[in-house]
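Right, one structure below, let's go through it.
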Amino acid sequence: MNELRLHAEDAEDLAVISAALQDAVTKVADLAFLPSTRRFALVVNRFRWEEAAACRDGGARARAGLHFEHVLSAQARNIAQDRPDGVLSLLAVRYEELNPPSGIVTLVFSGGGELRLEVEALEVHLSDLGLIWETPNRPEHKLD
């Protein structure tokens with residue numbers, strides 16, 4: 001199993017990272033805005049979709065680090081920040097360019113939670129951190 005390392009500097013690249021992170025889970029305590037370095041970082045347990053087709057049942061998860069550079073501000077909506085053990089399930093990462101190269105990155109979580117990052121320029125890094133484990137639970141999304 002190979003470790004994933006991705007870098008994004010535009011919306012098209014970010015869409016690849018978003019796909020790799022679909023159904024990643026994290027805890028509120030694992031989110032951090034570092035204003036002095038203008039970085040927003042989080043650690044997630046991501047489902048390894050890139051290998052899921054080869055698995056009959058379940059799949060694997062990997063511990064991964066995600067960070068955004070050039071972050072001017074961070075705002076949370078519908079995320080209970082007073083509950084550090086609260087679990088968040090990431091659905092998508094979106095980018096809206098406003099005044100190039102600046103824009104808004106939105107991390108969309110199940111249950112209506114969102115993180116909104118105002119960025120001076122888009123620069124995102126996703127790296128597996130080496131810990132990979134098998135899981136019998138493959139994420140599912142029921143369509144109505």
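The values are calculated or read from the model by the stated rules, or taken from the named source; none is laboratory data. These numbers come from a predicted model, not from an experiment. Using ideal geometry, Cβ is built from the backbone for each residue, glycine included, and neighbour counts are taken over all protein chains shown.
Miscellaneous remarks
- Residue check, V16 surrounded by 13 or more Cβ atoms within 10 Å (Cβ to Cβ), over 19 Å from G113 (Cα atoms), in contact with a Phe, Trp or Tyr (Cβ under 7 Å, 6 or more places away or on another chain) and among the β-branched types (V, I, T): no
- Residues in segment 22-78 that are within 15 Å of N137 (Cα to Cα), of a type in the set (K, R) and either without any contact (Cβ under 8 Å) to a residue 24 or more places away in the chain or loosely packed, with under 13 Cβ neighbours inside 10 Å (or both): R56 only.
- Of all residues making up segment 31-48, the number that are more than 24 Å from G103 (Cα to Cα), of a type in the set (D, E, K, R) and either modelled with pLDDT of 95 or more or touching a Phe, Trp or Tyr at 6+ places or on another chain (Cβ under 9 Å) (or both): 1
- Residues in segment 104-130 that are without any contact (Cβ under 8 Å) to a residue 60 or more places away in the chain and at positive phi: G111, G112.
- Residue in segment 32-44 that is among the hydroxyl-bearing types (S, T, Y) and not in a helix (DSSP H, G or I) present: yes
- Residue list for segment 26-80, restricted to those being closer than 20 Å to E134 by Cβ and either within 15 Å of the chain's Cα centre (by Cα) or among the β-branched types (V, I, T) (or both): T26, V43, V44, N45, R46, F47, R48, W49, R61, A62, R63, A64
- For segment 77-94, the condition holds for no residue, the condition being that it is under 27 Å from E120 (Cβ atoms), of a type in the set (S, T, Y) and in a strand (DSSP E or B).
- Unmet requirement for Y95, which otherwise passes all of (1) out of contact with any Lys or Arg (no Cβ under 8 Å at 6 or more places or on another chain); (2) under 24 Å from A29 (Cβ atoms); (3) of a type in the set (F, W, Y): (2)
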